[in-house]
Amino acid sequence: MKLNNYKEDKDLVEGIMSREDSAFEELIDRYGDRLLKVCYLILRETDLAEDAVQEVFIQIYKSIYSFNHRASLYTWIYKITLNKCRDILKKNGDYCTPLDTAIIIADTDIEQETLSQLERANIKVLIDKLPSIYREIVILFYFEDLSVKDISNILGEKENTIKSRLLRARNILREVFMEEGIVNEG
């Protein structure tokens, strides 16, 4: 039996396929918080995000044998996650509460902290208003730091489609940010 140290995704997948508890625990440790963040950004509700993550891990456990190593494990998991979030949004009629505006403050200047917090909260609310086709890409690109190629694999779209949607989302956000006075023209 392997030790609780799966350095490579291939070893981790093999461990899960062998139903090693330590492998599945490491998978949860490695991806759980990141998946929760993505689910929360998409679903905009803590309970729904937690339920989605739990369902994602159940789906991974059940379908690990279908993982074919053509994409990275990370990409495969995120594709499952996005599909689960989409299912939940459809089930709920795409209705969720707005993003929580609570932001962790790191500076010591109270006035600057407050202004910074309000600005970030406003930006998150504006991103939340994007159509879901753009919101997903913005979240994956800017919040999860995924490449266009990875997003393309996750969404099953061509890279050029992802690039054009990202450009369109940026343009929409730029216009809204200017209207809201968050950024100046230029």
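Throughout, read-outs are computed from the coordinates displayed, never taken from laboratory work. Note that the coordinates shown come from a computational prediction; the quantities given were computed from them, not determined experimentally. FYI the Cβ positions are ideal-geometry reconstructions off the backbone, even for glycines, and counts take in every protein chain you see.
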Report task. Grab the beta carbon distance between LYS129 and ILE28, set R0 = 30 Å, and tell me the FRET efficiency rounded to 0.05. Result -> 0.40
Requested in this report: Check cross-link reach from LYS90 to the lysines: straight Cα distance under 28 Å, and skip same-chain residues fewer than eight apart.
Outcome: LYS37, LYS62, LYS79, LYS124, LYS129, LYS149, LYS158, LYS163
Query raised in the report: Quick one: length gained pulling LYS79 to ARG170 fully straight, 0.36 nm per residue minus the C-alpha distance?
Result: 30.5 nm
Query raised in the report: Using a simple spin-label model with points 7 Å from Cα along the Cα→Cβ vector, what separation in nm is obtained for ARG86 and SER63?
Result: 1.1 nm
Report task. Restricting things to alpha carbons, find the Rg to Rh ratio for the stretch 9-91 using the Kirkwood radius for Rh. Result -> 0.97
